[in-house]
Structures are given as structure tokens and as C-alpha cells.
Amino acid sequence: MNAMNFIGGIFVDAEHQQTIENINPATGERIGTLPRSDASDVESAVNAAKAAQKEWSALSIQERANWLDRLADGLAARKEELARRESRDTGKPLVLARRVDAQRSVDNFRFFATYAQQQEQEVFEMDDATNFVHRKAIGTVGLITPWNLPLYLLSWKVAPALLMGNTVVAKPSELTPSTANLLCEVASEVGLPDGVLNVVHGYGPEVGQAILEHPSIRAISFTGGTSTGRHVAATSAPMFKKLSLELGGKNATIVLDDADLELALDGTLRAGFTNSGQVCLCGSRILLHASIADRFLAKFVERVERMVCGAPEDESTQIGALISQEHLRKVESYIQLGIEEGGAVLAGGTREMTGQVGPTPDGAFLRPTIIDGLNHTSRTVTEEIFGPVVTIHRFDSDDEAIAMANSTQYGLAGSVWSKDAERAHALAQKIETGIVWINTWLHRDLRTPFGGVKNSGVGREGGYWSLNFFSEPLNVCIKHD
Ligand code: TXE
């Protein structure tokens, strides 16, 4: 299918008629095109958004919540198609696309629609006056999203942005246009007012840059790599745009000596290799207490070697293709670096597939890989790889584990595995990060703050952190007579 821009409620090509090829990374086949838009298309989208702004922000929050529910209903009715499109665009297993991407895209709209009803007006009483805090729409906001969880992350921003009365100009990754297009199809089907949601496809430096620079776009919510995030901030900050940056990660999975080893094994596998490690929350550094390290590692290697790496549409596939041949080469270069830095590859590091299909020469497949023996300050262990590669490290004390966990420039997430929740909770609070799971991973309550520190970003989204980001508080103080 060919994706199109969605501007002012209609599907259009890029003004200059240029297109980009959309490739299925699991087969190397061309599955369609997307518009190669530029600043002129962004200008059209901003004009449509501005034209819709007054009427949309004049609706009550409940009326806008009803629109979110209609979008959720429309996506839910097409969930299987959503999952299939997402799997074909990204190479991820269809089973994963159903369970995570499609489900969460629906949940995001449902959650914010319901959450709106729980919001009360903030009032601050004084002896002689009353303060009323009004959350006003910002206006037109820019959303720029990555390729690893395409509609999961786009809907995570679109839902609260619309709920708070803003209109949207969004740019999905040029590698994954299909489910953004599906969202626009649903918006059109349910009759979302024209210009409320606008999607402009294309390259970052051409379309993303135009969104960052446009003076009528007053807030930017960006999810992507740290280096791109640095550029986003450099462009937007001098224009005093509100900025939310969800960037890279290099998260630690910490297994303490008193952990339930089977539970920790399952959790470490999920954290390490879900979506082929292409989730910023993945646990790519595995820190093991020395007393359990050998026992844990023997079982871990055996489990990793048994993982089925195959065609995404095969229900038994656990590891699908990476997003592209280019990304495959980048991840492989880090495995090579790991070996050069003194690491030993205990499993994986090769491209062969297992499962129901033979090797697909054009598929960007890489087996889940374990590297042991690296210093925790090496480049392989401190730079984001964003692939199915984990490194193994041993520690003797909680303090040593904390120092290791904090030894990268990132600070997004992590997990701690221990039967002693109090000990794990105390340890978790000393890790420089935004989220720590204890005896679980990627267990999400959408009311909680999501985001990181250091090179993992600025700001939080989720629950009222999203409502606050996508609105401007106005305080009205009324003096009592
Ligand atoms: O990011 P990129 P990718 C991170 C993850 C990894 C990266 C992978 O850690 O580092 O995202 O996604 C657009 N001006 N997270 O490779 O390249 C680009 O077109 C404006 C963290 O897609 O940064 C795409 O739409 N825009 C996250 C978007 O930016 C530009 C969870 C992201 O692209 C641009 C998921 C430019 N100059 C992934 N260049 C988290 N923390 O939650 C590119 N883009």
C-alpha cells in the first residue's frame, strides 16, 4: 500500500510528487511508497491545523475525549490489519505486533479518553482570594516519532495532544509509514474534524526540520535517537518551543544473589531481546551477582540459543528481522567492536534463521547475541546498539551494581531482580534513570511518568505529565470582595 500525507482531512501526495520506497526488512521486497514531502507540505499542514484550532479547542474536554474513544473504536475494529501492517513495515514478529503495538495503540486513546474524566479543576484558596488554574491548549503541536514502535509511540502523543485541545502536525519515521496512514484512515472514517490531525511523511532533515523550524508550531514532542534529539533541541529551544525529548537508552538488568532465578531468566530474556532489542527500554547490560552468575549464565545461554529467529508472520517466531539492512550492519559492527574490545561471544552473532522458513538472503535477520568479558566502561557497553545484543557483567555488592548501572551517559530504565523487595527498592532509588521495574519488565501503568535523564531525554509523558506538557496553565486569581 502507498502511504499518503493526510492534510486538512484529505489524503494527498507530496506537492512535488516525489516518493520514497517502503521496504519490508524481513524479505527485502518493496511494499509501497510514501510521500517525500518537504517544507511546502509542512506549511500546508500547519495552515490546516491552524484553521481547525479555534473550533477544536472550544470543544469541552469531554467532547474531545469522545473523539479519542471513536478513534480507539476505529483502531480496535482494524487491530489485526494494524498488526500486520506494523509487522510488515518493521520486520517484527506478528505475534508481538498484535500483543504490543496494536493493543497499546488502542489503549493509548482509551486511556487518555478515560483519564480526562478524572481530572478536576485545580483551585487554590487564599484568605481573601481564590485561584483557578485553567489548562489551555498550546495551539498546533509537532510530533516526531521513530520506527521501532511506530503507532504505539505516535498514538502515545496524538491522544493527549488532541485531548488538551491542540491540533497536530505529525511526522512518522520514513521507515514505517503504514500504521500512521491507518490512523488517518480511521480518523477519516470516524469523521474527525478536518485539520485536527495532519500527518506529513518524509525524511527527518526535510520534513522533521521544517516542523522544528515552523513558528506556528509551539511545542515539539520527539522520540528518537539521542544525537537527533540534540539537534531537535538546538533548533527548537531558541524559538522557546515547549520540548519533550524521549531519547536513547542503555539500560541495566540487575540480578541480585537472592533473585528467583527462573523469574529473572524469563525477565532478562524479554528485556534483552523483545523487538530484537529495538526498544529504548531494553535491558542490554546484564549485571549478575558473582555468586549466581555462572548458574544463571549457563541457563541464559541455553535459552537464547533456543530462540526461534524466523519469518515475522510465523506464529512461532520470537526474533524477527531488524528494521533495515543498514541497521543490521550497524548492530553487527558493534558485535565486531565487542570482540575487538576483548569480549567473547557466547551465543548468536550470526545471521542464520531457524523456524519454518529457510534463510532469506534479503532479510535483515540477526540471531540474539550474548557478549561476556567486557569492561563495563568499554564503548560496546556504554553506547546504544539498539539491537539483539546484550553484555554480561559480574558484581559482588549492591554498591558495585549501582556504580556499574550508572556508568553510562544514558538514564532511561532498568530492572532489579530480588526476593527482597525492600532491598531492591532501596537499590532502585540509587540508579540514575527514569523507570525501574522490580521483578518485572515493561509493566506499564499509563498514569505513571515515562522518560529519562542524562542523554535519555528531557521531560516525562504519561498520565498528567502528558496533560501538563500538552497544555499551558493559566492561573486566574479572583479577589474576594
Ligand atoms: O531515531 P531517529 P530512529 C530511540 C532509540 C534509538 C532511536 C531509533 O533509542 O536511538 O530512537 O529510532 C526524525 N530533524 N528511541 O532511528 O533517527 C526521523 O525521521 C527532525 C527512544 O527512528 O532519531 C524520525 O521520524 N527530525 C525512545 C525521528 O526523527 C529528524 C523509544 C526519529 O529518528 C531529523 C524509541 C532531523 N534532523 C526509540 N533526523 C524512548 N526513549 O522512548 C531524523 N528525524
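The values are calculated or read from the model by the stated rules, or taken from the named source; none is laboratory data. Remember, predicted model here, so these are calculated numbers, not experimental data. For neighbour counting, all protein chains shown are included, and Cβ atoms are generated from backbone atoms with ideal geometry for every residue, glycine included. The area values use the complete protein model at the heavy-atom level, side chains included, leaving out ligands, DNA and RNA. Shrake-Rupley method; radii C 1.70, N 1.55, O 1.52, S 1.80 Å.
Exactly one condition in (1) outside any loop (DSSP other than H, G, I, E, B); (2) within 16 Å of the ligand (Cβ to nearest atom); (3) open to solvent by 50 Å² or more (accessible area, probe 1.4 Å) is not met by S466; state its number.
Status for S466: all satisfied but (3).
May I ask you to say which residue of A233, A219, A237 is of a type in the set (A, V, I, L, M), farther than 18 Å from V436 by Cα and without any contact (Cβ under 8 Å) to a residue 60 or more places away in the chain?
A237
Run V123 past the list (1) within 16 Å of the ligand (Cβ to nearest atom); (2) open to solvent by 30 Å² or more (accessible area, probe 1.4 Å); (3) assigned to a strand (DSSP E or B) and report the number of the one that doesn't hold.
Looking at each condition in turn, V123 falls short on (1).
Could you list all residues from the stretch 103-125 that are aliphatic (A, V, I, L, M) and either touching a His at 6+ places or on another chain (Cβ under 7 Å) or touching a residue at least 24 places away in the same chain (Cβ under 8 Å) (or both)?
Those that are aliphatic (A, V, I, L, M) and either touching a His at 6+ places or on another chain (Cβ under 7 Å) or touching a residue at least 24 places away in the same chain (Cβ under 8 Å) (or both): V106, A113, A116.
Given (1) open to solvent by less than 10 Å² (accessible area, probe 1.4 Å); (2) within 20 Å of A428 (Cα to Cα), identify the lone condition not met by S244.
For S244, the failing item is (2).
Which numbered condition in (1) aliphatic (A, V, I, L, M); (2) modelled with pLDDT of 95 or more; (3) farther than 29 Å from F470 by Cα; (4) part of a loop (DSSP other than H, G, I, E, B) is the only one that I20 fails?
(4)
Restricting the search to the stretch 260-314, which residues are surrounded by fewer than 16 Cβ atoms within 10 Å (Cβ to Cβ) and of a type in the set (S, T, N, Q)?
Once the filter is applied, which keeps residues that are surrounded by fewer than 16 Cβ atoms within 10 Å (Cβ to Cβ) and of a type in the set (S, T, N, Q), the stretch 260-314 yields only S291.
Going by the structure shown, is T408 crowded, with 19+ Cβ neighbours inside 10 Å, assigned by TED's automatic domain parsing to the domain that holds A290, at pLDDT 95 or above and part of a loop (DSSP other than H, G, I, E, B)?
Considered against the rule, which asks whether it is crowded, with 19+ Cβ neighbours inside 10 Å, assigned by TED's automatic domain parsing to the domain that holds A290, at pLDDT 95 or above and part of a loop (DSSP other than H, G, I, E, B), T408 comes out as yes.
Check the stretch 6-28 and report whether any residue there is free of Cβ contacts under 8 Å to residues at least 12 places away in the same chain, over 20 Å from L192 (Cβ atoms) and of a type outside the set (S, T, Y).
Within the stretch 6-28 (the criterion being free of Cβ contacts under 8 Å to residues at least 12 places away in the same chain, over 20 Å from L192 (Cβ atoms) and of a type outside the set (S, T, Y)), the answer is yes, since at least one residue qualifies.
Report yes if V279 is among the β-branched types (V, I, T) and within 16 Å of the ligand (Cβ to nearest atom), otherwise no.
yes
Would you confirm whether any residue within the stretch 177-194 is open to solvent by less than 10 Å² (accessible area, probe 1.4 Å), near the ligand (Cβ under 9 Å from one of its atoms) and within 18 Å of the chain's Cα centre (by Cα)?
The answer is no, given that none of the residues of the stretch 177-194 is open to solvent by less than 10 Å² (accessible area, probe 1.4 Å), near the ligand (Cβ under 9 Å from one of its atoms) and within 18 Å of the chain's Cα centre (by Cα).
Being within 15 Å of the ligand (Cβ to nearest atom) and more than 20 Å from T408 (Cα to Cα) is the filter here; which residues of the stretch 239-262 pass it?
Listed by number, the residues that qualify are M239, K241, L243, S244.
Kindly provide the set of residues from the stretch 205-220 that are within 11 Å of the ligand (Cβ to nearest atom) and open to solvent by less than 30 Å² (accessible area, probe 1.4 Å), ordered by number.
V207, G208, A210, I211, L212, I220
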